[in-house]
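The following block contains the structure, expressed as structure tokens.
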Amino acid sequence: MVLGFAAAAVAMLICMIPAGIVLARGDLPEAVVAYEFITAVAVMVLALLAQAFQRSGLFELPVLLALLMFGSGLVFVRAMERWL
């Protein structure tokens with residue numbers, strides 16, 4: 001079972017590569033969407049790894065990161081709204 005969760009985490013990390021390219025090369029609205037996608041996937045990867053290694057204490061980090069990343073996305077959009 002551990003291998004399944006770890007394999008899912010690796011697959012999700014591979015899915016972040018195209019979003020990283022869009023984040024680096026896309027225009028601003030596309031970069032905002034890619035940033036939000038990457039943060040959501042990062043939270044899910046951390047939760048999958050916590051489950052894969054069977055460490056219930058590590059679930060605190062993805063939950064906290066989800067709250068902080070949502071807020072940081074809103075701050076990023078607010079700071080860049082003049083170009084949107």
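Might you let me know whether segment 60-77 holds any residue that is open to solvent by 90 Å² or more (accessible area, probe 1.4 Å) and of a type in the set (Ser, Thr, Tyr)?
Checking segment 60-77: not a single residue is open to solvent by 90 Å² or more (accessible area, probe 1.4 Å) and of a type in the set (Ser, Thr, Tyr).
Also, I was wondering about something else. For the subset of segment 23-39 comprising residues that are surrounded by 15 or more Cβ atoms within 10 Å (Cβ to Cβ) and touching a residue at least 24 places away in the same chain (Cβ under 8 Å), which member is nearest to the chain's Cα centre (by Cα)?
So the residue we want is Thr39.
List pairs: first in segment 47-69 and assigned to a helix (DSSP H, G or I), second open to solvent by less than 100 Å² (accessible area, probe 1.4 Å) and of a type in the set (Gly, Ala, Ser), Cβ under 6 Å, 6+ apart or cross-chain?
Final answer for the pair search is Leu48/Ala8; Leu48/Ala9; Leu49/Ala9; Ala52/Ala6; Leu58/Ala50; Phe59/Ala50; Pro62/Ala47.
Hey, among the residues in segment 1-22 that are in contact with a helix residue (DSSP H, G or I) (Cβ under 9 Å, 6 or more places away or on another chain) and open to solvent by 70 Å² or more (accessible area, probe 1.4 Å), which one's farthest from Arg82 (Cα to Cα)?
Met1
The values are calculated or read from the model by the stated rules, or taken from the named source; none is laboratory data. Computed from a predicted structure; not experimentally measured. Backbone-built Cβ (ideal geometry, glycine too); neighbour counts: all protein chains shown. For accessibility, only protein heavy atoms count, side chains too; no ligands or nucleic acids. Shrake-Rupley method; radii C 1.70, N 1.55, O 1.52, S 1.80 Å.
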